[in-house]
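Report on the structure given below.
The values are calculated or read from the model by the stated rules, or taken from the named source; none is laboratory data. This one's a predicted model, so the numbers in the text were calculated from it and none came from an experiment. Using ideal geometry, Cβ is built from the backbone for each residue, glycine included, and neighbour counts are taken over all protein chains shown.
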Amino acid sequence: MFRFPFFKTKKFTGTSEETSVEIASFVVNYCAYANKFVNMTKLQKLVYCLYGAYLAYYDKPICSDKPRIWNHGPSFSLVYDESKHSCSPWDPIDGFLKYFLNIKDDFYKHFNDTEVEFMCDILKFMCEYNAKTLVNWSKSEGSPWKRDLDTGNRMHEEMTDSYIKEFFKTRFLKTKRNTGDTEETVWTVLKQKILKILLEDFSV
């Protein structure tokens with residue numbers, strides 16, 4: 001199984017299920033391994049990308065907590081709170097990265113090889129975009145974030161899973177069971193659609 005070589009074994013004191021904190025740790029480790037820049041805003045959007053694509057493709061949430069409606073787009077309050085309360089005040093810029101690099105719950109017990117590869121493929125593509133581009137994309141017209149606000153949900157409330165699933169499935173994913181495509185073809189279609197949407201409105 002593919003594993004990042006520097007994943008630590010520090011136990012996160014949370015639930016027995018994966019939370020957005022463990023997913024964020026996976027993202028930060030991936031970015032470090034791939035030498036990709038990530039700040040808190042970009043991290044939040046990458047976790048959201050994994051949440052949405054996983055929900056649409058596997059028909060189940062990737063973690064136990066949901067993204068919330070924040071000013072800068074879909075965000076996970078647990079990721080923000082955990083990093084804020086765990087970082088050294090003397091290292092406010094990179095402290096959250098060091099914290100997430102050193103978290104390891106039972107991540108590889110919750111996800112199989114195919115799921116991990118799926119997440120890595122998504123990150124490989126989406127990491128190429130900066131935080132501003134990802135924020136604009138996550139708040140674009142027709143997005144779950146925008147749809148939640150338009151239907152009466154307020155800032156900081158949980159986003160609606162059905163909106164997220166529909167958005168990622170109808171605008172990005174062509175599922176294998178509906179088309180007979182291989183998983184490789186499915187992800188190629190996903191990448192092409194994401195790229196088209198991003199480049200139509202925003203620059204990298």
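Descriptive notes on the structure:
- Some residue of segment 74-84 being modelled with pLDDT of 90 or more, of a type in the set (Val, Ile, Thr), closer than 13 Å to MET40 by Cα and outside any loop (DSSP other than H, G, I, E, B): yes
- LYS109 modelled with pLDDT under 85, surrounded by fewer than 19 Cβ atoms within 10 Å (Cβ to Cβ) and under 21 Å from GLU17 (Cβ atoms): yes
- Selected residue [at pLDDT below 60, assigned to a helix (DSSP H, G or I) and basic (Lys, Arg)] from ARG147, ARG177: ARG177
- Contact map, segment 12-24: first residue more than 17 Å from MET40 (Cα to Cα), second residue modelled with pLDDT under 75 and among the aromatic types (Phe, Trp, Tyr), Cβ cut-off under 8 Å, separation 6 or more or different chains; pairs are GLU18/PHE107.
- Taken over segment 51-75, the criterion of being surrounded by fewer than 22 Cβ atoms within 10 Å (Cβ to Cβ), without any contact (Cβ under 8 Å) to a residue 60 or more places away in the chain and among the polar types (S, T, N, Q) is satisfied by SER64 alone.
- Some residue of segment 117-131 being within 19 Å of ARG68 (Cα to Cα) and modelled with pLDDT of 90 or more: yes
- Subset of segment 139-170 [touching a Lys or Arg at 6+ places or on another chain (Cβ under 8 Å) and of a type in the set (Lys, Arg)]: LYS139, LYS146
For (1) under 15 Å from the mean Cα position of the chain (by Cα); (2) over 21 Å from CYS127 (Cα atoms); (3) part of a loop (DSSP other than H, G, I, E, B); (4) modelled with pLDDT under 90, each residue gets a yes or a no:
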| residue | (1), (2), (3), (4) |
| --- | --- |
| MET1 | no, yes, yes, yes |
| PRO5 | no, no, yes, yes |
| THR13 | no, yes, yes, yes |
| TYR33 | no, no, no, yes |
| VAL38 | yes, no, yes, no |
| TYR51 | yes, no, no, no |
| LEU55 | yes, no, no, no |
| PHE100 | yes, no, no, yes |
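- Residues satisfying the stated conditions in segment 130-172, i.e. without any contact (Cβ under 8 Å) to a residue 12 or more places away in the chain, closer than 19 Å to LEU55 by Cα and of a type in the set (Ser, Thr, Tyr): SER162, THR170
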